[in-house]
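Trainee: Below: one structure in structure tokens.
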Amino acid sequence: MEDEAASSPPRGDDAEKKATRKNAAAPVLVYAPWSQGARKQDEEIQKKLETTDERRLASIVSGIGAFETSGSDDWHQGSEVFVKGSHCLEKLRELQRCLTRDNPDSRRVFMQLGQWNVAGKYLVPIIQHYSEDRHLFLASC
């Protein structure tokens, strides 16, 4: 007994705390059935956020402008002409911000704009019809 006491360092409160920390088991994550409900709730929240983002993006795109049928003269009667929206420049800048903030891994905004063919339906007509407006032209490029 005396040999053990002589060979081991004196045990104080600090030494006991260190020994219990070494022997303490690391926390174990246990899959609990109630976490499945939380996971479903997180998925629902994510879907709502996605639909909210999609609605916001649709609002931005629809504010850029639209095609209208012209009936001003006989030559162009019935042809569609792109007419910019009243806040077209602001919407284009907001669209640029959305693309800048888009997640580089998922590229959700970029993919959605591609599905809607925003470049072909909105940006190219702005470049074609409003090339004299420098700010609008640069914002659409």
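The values are calculated or read from the model by the stated rules, or taken from the named source; none is laboratory data. Given the structure is predicted, the values throughout are model-derived calculations rather than measurements. Cβ sites come from the backbone with ideal geometry, for glycine too, and all protein chains shown count toward neighbours.
Trainee: Can you find, within region 94-105, the residue that is surrounded by the most Cβ atoms within 10 Å (Cβ to Cβ) among those that are without any contact (Cβ under 8 Å) to a residue 12 or more places away in the chain and farther than 13 Å from Ser140 by Cα?
Mentor: Our first condition is that a residue be without any contact (Cβ under 8 Å) to a residue 12 or more places away in the chain; within region 94-105, this holds for 97, 100-105.
Cutting the leftovers down to farther than 13 Å from Ser140 by Cα gives us 100-105.
Details: Thr100: 8, Arg101: 8, Asp102: 16, Asn103: 9, Pro104: 6, Asp105: 6.
Going through the qualifying residues, I end up with Asp102.
Trainee: Here is a further query. Starting from region 65-88, keep only residues that are on the phi > 0 side of the Ramachandran plot and assigned to a strand (DSSP E or B), then list their pairs with residues that are surrounded by fewer than 14 Cβ atoms within 10 Å (Cβ to Cβ) and at pLDDT below 80 whose Cβ atoms are within a distance under 6 Å, requiring at least 6 positions of separation or different chains.
Mentor: Matching pairs, first to second residue: none at all.
Trainee: Please list, ordered by first then second residue, the pairs with beta carbon atoms under 9 Å, 6 or more apart or interchain, first in region 106-120 and basic (Lys, Arg), second loosely packed, with under 11 Cβ neighbours inside 10 Å and not in a helix (DSSP H, G or I).
Mentor: Pairs that qualify, where the first residue is basic (Lys, Arg) and the partner is loosely packed, with under 11 Cβ neighbours inside 10 Å and not in a helix (DSSP H, G or I): there are none.
Trainee: Working only within region 104-136, note down all residues that are among the hydroxyl-bearing types (Ser, Thr, Tyr) and either in a helix (DSSP H, G or I) or in contact with a Cys (Cβ under 6 Å, 6 or more places away or on another chain) (or both). Give the derivation first.
Mentor: Filtering region 104-136 for residues among the hydroxyl-bearing types (Ser, Thr, Tyr) gives 106, 122, 130-131.
Once the filter is applied, which keeps residues that are among the hydroxyl-bearing types (Ser, Thr, Tyr) and either in a helix (DSSP H, G or I) or in contact with a Cys (Cβ under 6 Å, 6 or more places away or on another chain) (or both), region 104-136 yields only Tyr122.
Trainee: So Gln96 ticks every box in (1) at pLDDT 90 or above; (2) in a loop (DSSP other than H, G, I, E, B); (3) of a type outside the set (Asp, Glu) but one. Which box is left unticked?
Mentor: (2)
Trainee: Of all the residues that make up region 109-141, how many are surrounded by 15 or more Cβ atoms within 10 Å (Cβ to Cβ) and of a type in the set (Lys, Arg)?
Mentor: Number of matching residues: 1.
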